[in-house]
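Participant: Let me begin by handing over the structure; questions about it come next.
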Amino acid sequence: MPPWPRRSPRSCGLTRMEKNTQKKEEEEEEEEEEERKRRERESREKVEREREREREREKDVFETHFFFFRVDQDLSSGQLEPPVVTYEPNVGMVLTINNDRKIIPNVKQLRLNCRCARCIEEFTGRVMVSGKDIPDTITPLKIAPRGNYAVEITWSDRHGSIFSYSSLLEQAK
Ligand SMILES: [Zn+2]
């Protein structure tokens, strides 16, 4: 038996230092709680923004597909002649339809708009090619029709792109 009874700090009240420590701990807990709520709010907002972007993207894809569908319909039903696609230095890609000329002046941009599996990541749609990957002097070396809906362009960087006539028409002025 000790000479005096053991007293637990709880039963005899807290010393001033212990009280201060406890107060500080409570404050810290409150701060942590605040921080947790803030993080939750931020992640909810992030999810909401992603959803919004996804909706925008779906709308975009739908409208683009609709446009292609319409032009492809016209092409396959014979209402629209497939354009003849040529390259003219200092002019750009020239699409000739019934003596009407439409031009894509920026061939480098056309190369950057390639939608092949090496240029666009399949599931995310992320563009994997940027302006600095492509020389400013890029030109098409070969332009070959693919069926009655598209052309295949072999570029001077040895890359091959297939563009539907409708996508070329969309990019042309
Ligand atoms: Zn490509």
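Participant: Would you please name the residue that is surrounded by the most Cβ atoms within 10 Å (Cβ to Cβ), looking only at residues in segment 98-107 that are under 14 Å from LEU169 (Cα atoms) and free of Cβ contacts under 8 Å to residues at least 60 places away in the same chain?
Facilitator: VAL107
Participant: May I ask you to list pairs of residues, at least six apart or on different chains, whose Cβ atoms are under 6 Å apart, with the first in segment 149-160 being within 15 Å of GLN109 (Cα to Cα) and away from the ligand (no atom under 11 Å from the Cβ) and the second being assigned to a loop (DSSP other than H, G, I, E, B) and not small (Gly, Ala, Ser)?
Facilitator: Correct list of pairs: SER156/ILE138; SER156/THR139.
Participant: Is it the case that segment 42-57 has a residue that's modelled with pLDDT of 65 or more, in a helix (DSSP H, G or I), more than 30 Å from TYR149 (Cα to Cα) and polar (S, T, N, Q)?
Facilitator: Within segment 42-57 (the criterion being modelled with pLDDT of 65 or more, in a helix (DSSP H, G or I), more than 30 Å from TYR149 (Cα to Cα) and polar (S, T, N, Q)), the answer is yes, since at least one residue qualifies.
Participant: Among the listed residues LYS108, LYS132, LYS142, identify the single one that is within 29 Å of GLU54 (Cα to Cα), more than 14 Å from the ligand (Cβ to nearest atom), outside any loop (DSSP other than H, G, I, E, B) and outside the structural domain of GLU54 (by TED's automatic domain parsing).
Facilitator: LYS132
Participant: Another question about this same structure. Within segment 154-163, identify whether any single residue is of a type in the set (Ser, Thr, Tyr) and open to solvent by less than 30 Å² (accessible area, probe 1.4 Å), and answer yes or no.
Facilitator: The answer is yes, given that some residue of segment 154-163 is of a type in the set (Ser, Thr, Tyr) and open to solvent by less than 30 Å² (accessible area, probe 1.4 Å).
Participant: Output the residue which, of all residues in segment 108-139 that are closer than 14 Å to PHE163 by Cα and among the polar types (S, T, N, Q), is surrounded by the most Cβ atoms within 10 Å (Cβ to Cβ).
Facilitator: Here the residue is ASN113.
Participant: Would you pick out the residues in segment 112-129 that are in a loop (DSSP other than H, G, I, E, B), more than 8 Å from the ligand (Cβ to nearest atom) and touching a helix residue (DSSP H, G or I) at 6+ places or on another chain (Cβ under 7 Å)?
Facilitator: Of everything in segment 112-129, just one residue is in a loop (DSSP other than H, G, I, E, B), more than 8 Å from the ligand (Cβ to nearest atom) and touching a helix residue (DSSP H, G or I) at 6+ places or on another chain (Cβ under 7 Å), namely ASN113.
The values are calculated or read from the model by the stated rules, or taken from the named source; none is laboratory data. Keep in mind that what you see is a predicted model, and the values were worked out from it rather than measured. Neighbour counts are summed over all protein chains in view; Cβ atoms, including those assigned to glycine, are modelled from backbone coordinates with ideal geometry. For accessibility, only protein heavy atoms count, side chains too; no ligands or nucleic acids. Shrake-Rupley method; radii C 1.70, N 1.55, O 1.52, S 1.80 Å.
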